[in-house]
1. Can you give me the number of residues within the stretch 382-400 that are at pLDDT 95 or above and closer than 24 Å to residue 438 by Cβ?
2. Kindly evaluate residue 99 against the criterion of being acidic (Asp, Glu) and either part of a helix (DSSP H, G or I) or touching a strand residue (DSSP E or B) at 6+ places or on another chain (Cβ under 7 Å) (or both).
3. Pick from the stretch 418-435 the residues that are among the β-branched types (Val, Ile, Thr) and farther than 30 Å from residue 494 by Cβ: which of them is surrounded by the most Cβ atoms within 10 Å (Cβ to Cβ)?
4. Any idea which of 107, 143 is near the ligand (Cβ under 10 Å from one of its atoms), of a type in the set (D, E, K, R) and either more than 21 Å from residue 171 (Cα to Cα) or buried (at least 24 other Cβ atoms within 10 Å of the Cβ) (or both)?
5. Taking the stretch 158-172 as the region of interest, how many residues are more than 6 Å from the ligand (Cβ to nearest atom), in contact with a Ser or Thr (Cβ under 7 Å, 6 or more places away or on another chain) and not aliphatic (A, V, I, L, M)?
6. For the stretch 35-67, give me the residue count where each residue is more than 14 Å from the ligand (Cβ to nearest atom) and among the aliphatic types (A, V, I, L, M).
7. I'm trying to understand the selection: among the residues of the stretch 59-78, which are at pLDDT below 95 and assigned to a loop (DSSP other than H, G, I, E, B)?
8. Residue 84 passes all but one of (1) in a helix (DSSP H, G or I); (2) modelled with pLDDT of 95 or more; which number fails?
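The values are calculated or read from the model by the stated rules, or taken from the named source; none is laboratory data. Owing to the predicted nature of the structure, the values given are computational and were not obtained by experimental measurement. Quick reminder, even Gly has a Cβ in these numbers, built from the backbone with ideal geometry, and neighbours come from all protein chains shown.
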Amino acid sequence: MIACLGRIVHDSDAESKLDDDVSTIFNSLNLQGSIENDDVSGIASKDFGGLYSVKPLYLIRPSGAEDISRVVKAAAGTPHLTVAARGNGHSINGQAMADGGYVIDMRSTGENHFKLLTVNGSPCIDVSGGALWEDVLRRCVSRFGLAPRSWTDYLSLTVGGTLSNAGVSGQAFRYGPQTSNVMELEVVTGKGDITVCSETQNPELFFGALGGLGQFGIITRARVKLQPAPDMVRWIRVVYAEFEEFTRDAEFLVSQKEDESFDYVEGFVFCNNDDPVNGWPSVQLNPDQEFNPAHLLQTAGPVLYCLELAFHYRNSDQPSTVDMAVSRLVGGLGFVDGLISQVDVSYMGFLLRVKRAEQDAKANGVWDNPHPWLNLFLSKSDIVDFDRTVFKKMVKNGIGGPMLIYPLLRSKWDSRTSVALPEGEIFYIVALLRFVPKGPSVEKKVAENREIVKWCIKEGLDFKLYLPHYRAKEDWKRHFGNQWTRFEKRKANFDPMAILAPGQRIFKRTNQ
Ligand code: FAD
């Protein structure tokens, strides 16, 4: 046991007594990992959002599922303690924190699982819930020439963290979110049971944990579907002045058969001006090419739309074959003549593109700014209204970060998972990814997000928050809608004392 319990100083005797009790419990646990007072690293009371900070009692670095199970059982033996799994802490609103509870640093288990398997003739990989997707990518490609099918844009996120939400990027239109690409999980429930689950074995736990906001169990292993990794990617951006033309092409591309479309389809909104962060310079893929606004008509509005596309190919493909295939696909699109930018990059270089942006942002001190982000899933039927009011008016001057918008297909999502979605086959993900300097403007931007959500509710838009953040139970009930009863039942089954993921603020810890 390498448990190094930090000394805690409290004002009252009662609290000191409580701490002594807890220390005693943990000393008796025989953990293989370690326990520390969060003062040592401070990571457990911070997240990427930079908006909230709450202090846990201890930060635990488990060696694996057994340790996690012991911690959960120990918490269950107290009247009040909660347990939060912390993936890589890339939440925005304190979702991976535990006020006065135990934060489990899942990264310490990142190397526990890495095994290639063939299931029903198809390759898949067992990886740790605490593994970073970027490590999964590197290891799968370099060792086996294989890769997961569905990604997030940014890969310094943990497997368990994104599977607890959904995991969405430009491949999701074809393969569904990451939650649709998992065959089996190992989960430590809120009762401390270590349970293997899949579509056929403990399916309620399996589907509950996928998109379950960490409410039903801590994912310690996931079996992820793989496919052959391409060598190269033709990465393309085309620009639209009219929203209707942008959405028509985007929806067309995501509705085509596999060999009749791109391998990745995303989009974003940017300002029709020369602002280096929000405007024309944010679009060009090739730094040697400048965005030429002369291609735009005078009638173009305050914002423009960019469709971002990728076409996979192999080193052995003839360049002329790749050019022809790409030209055929691009030729059917109605973007503004001349406003196309493209580069060829390695597959890994493409998937790790946000890592490079992170390095640049770290170099100029922007990465650690607060991030009052807003992510929504919004029905196709309401997307024009949203554009008219939010993009063309409320955020028309930019937000100091990307404004993503692209369509997804509901049929690629499994309705048995816990994720809440709008109705209709086509819906959009909208992401306002703000980087705001520390200071009073942060609160203003949080308020602006709240205004947008309030407006969506007032107008009766069919939307769901992605990476949701609510405080009142009523809001959670509205969020889950007719899935709420199922969500509550799953909680009662797998975490009846509401020990897990308290930072989501959905259920209150009970002593029953
Ligand atoms: P954390 O923030 O540490 O945890 C998130 C929640 O999951 C918490 O409630 C936590 O308790 C719980 N949790 C963590 N690990 C586990 C586990 N093993 N088992 C059960 N519960 C667990 N999302 C997308 O879908 N697509 C994107 O393209 C995308 N890009 C992003 C880019 C950046 C720069 C950032 C900061 C976030 C992005 N996200 C994206 C959001 C991201 O998927 C979520 O914030 C995710 O929760 C972060 O993963 P994490 O490992 O840091 O989890």
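1. 5
2. So residue 99 fails the test.
3. The extreme case among them is 430.
4. Residue meeting the stated conditions: 107.
5. Qualifying residue count, the stretch 158-172: 1.
6. Within the stretch 35-67, residues that are more than 14 Å from the ligand (Cβ to nearest atom) and among the aliphatic types (A, V, I, L, M) number 3.
7. Hits for the stretch 59-78 are 77, 78.
8. So the condition that residue 84 fails would be (1).
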